[in-house]
1. For the list (1) closer than 19 Å to K4 by Cα; (2) surrounded by 15 or more Cβ atoms within 10 Å (Cβ to Cβ), I need the number of the one condition that L89 fails.
2. Looking at (1) of a type in the set (A, V, I, L, M, F, W, C); (2) at pLDDT 90 or above; (3) closer than 22 Å to H152 by Cβ, which one does W92 not meet, given that it meets all the others?
3. Are any residues in region 165-184 at pLDDT 65 or above and surrounded by fewer than 17 Cβ atoms within 10 Å (Cβ to Cβ), and if so, which ones?
4. In this structure, does D52 turn out to be farther than 30 Å from P9 by Cα, out of contact with any helix residue (DSSP H, G or I) (no Cβ under 9 Å at 6 or more places or on another chain), modelled with pLDDT of 90 or more and not basic (K, R)?
5. Hey, among R94, R57, which residue is surrounded by 13 or more Cβ atoms within 10 Å (Cβ to Cβ) and in contact with a strand residue (DSSP E or B) (Cβ under 6 Å, 6 or more places away or on another chain)?
6. Would you pick out the residues in region 20-54 that are surrounded by 15 or more Cβ atoms within 10 Å (Cβ to Cβ) and farther than 16 Å from V121 by Cβ?
7. Can you list the helices (runs of 4 or more DSSP H) found entirely within region 17-132 that contain at least 1 residues being in contact (Cβ under 8 Å) with a residue 24 or more places away in the chain and small (G, A, S)?
8. Search region 109-167 for residues being among the aromatic types (F, W, Y) and over 19 Å from R57 (Cβ atoms), and hand back the single one that is farthest from the chain's Cα centre (by Cα).
Amino acid sequence: MGDKPWKAPPSVSDLAGACTFNSMFFTLALIDYSADLWALRSPEARLSFIVDFVLWRGDAPIISKMLLVLLLPLPLIIVGILYAALQTLCGWRRASLSRHMADVAEAAGICSIVFMVVTRVIPVQGRFLEACRSKEQRDACSTTLAEMAEVHLVMVLLNLLMFVCPIVKFARSSVPESEKTKAA
């Protein structure tokens, strides 16, 4: 076990990039959840707002283009995150327990986010728009709004996890002094 190499600590630029990327997604998830909660307080009065908001979020002129650019490297990012988790799970590299936990949590987080977006977020927003476009379906609309708020809360929590993991990895990735002297 002692001959296995240590995981390389992330650089400051890696941390800055991850925090910038994750803070934007966390903020967008928080805005979605906040809008849901605001609309749930008075669904009758605020229904038209939340319908317009969900429509706008699906076609936000600037944000959608920015997200497209930011999501282009996502497959490579996912591969890197999954590889770091595999290094932990297969014992290929050594690191502190908190670094190993952050690597595995980050992999679980990114996989959960992709799964949630594909199987829950997009479908529930579609059902919400279907249910809320006509005034005859107010009960279905309120129920779907509550379901959408729950899904958005999960997205807030997952994005918070994704924000914290790179910070933990940066803070807890140093090679112990005893190991540095062995390598020299």
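The values are calculated or read from the model by the stated rules, or taken from the named source; none is laboratory data. Note that the coordinates shown come from a computational prediction; the quantities given were computed from them, not determined experimentally. Note: ideal-geometry Cβ built from the backbone for every residue, glycine included; neighbour counts use all protein chains shown.
1. Of the numbered conditions (1) closer than 19 Å to K4 by Cα; (2) surrounded by 15 or more Cβ atoms within 10 Å (Cβ to Cβ), the odd one out for L89 is (2).
2. If we test W92 against (1) of a type in the set (A, V, I, L, M, F, W, C); (2) at pLDDT 90 or above; (3) closer than 22 Å to H152 by Cβ, just (3) comes out false.
3. I167, A171, R172, S174, P176, E177, S178, E179
4. Yes; evaluated as a whole, the condition is true for this residue.
5. Going through R94, R57 in turn, the sole match is R94.
6. Answer for region 20-54, where residues must be surrounded by 15 or more Cβ atoms within 10 Å (Cβ to Cβ) and farther than 16 Å from V121 by Cβ: F21, N22, M24, A39, L40, P43, R46, L47, V51.
7. So the answer is 43-58, 74-89, 97-116.
8. Once the filter is applied, the top-ranked residue is F115.
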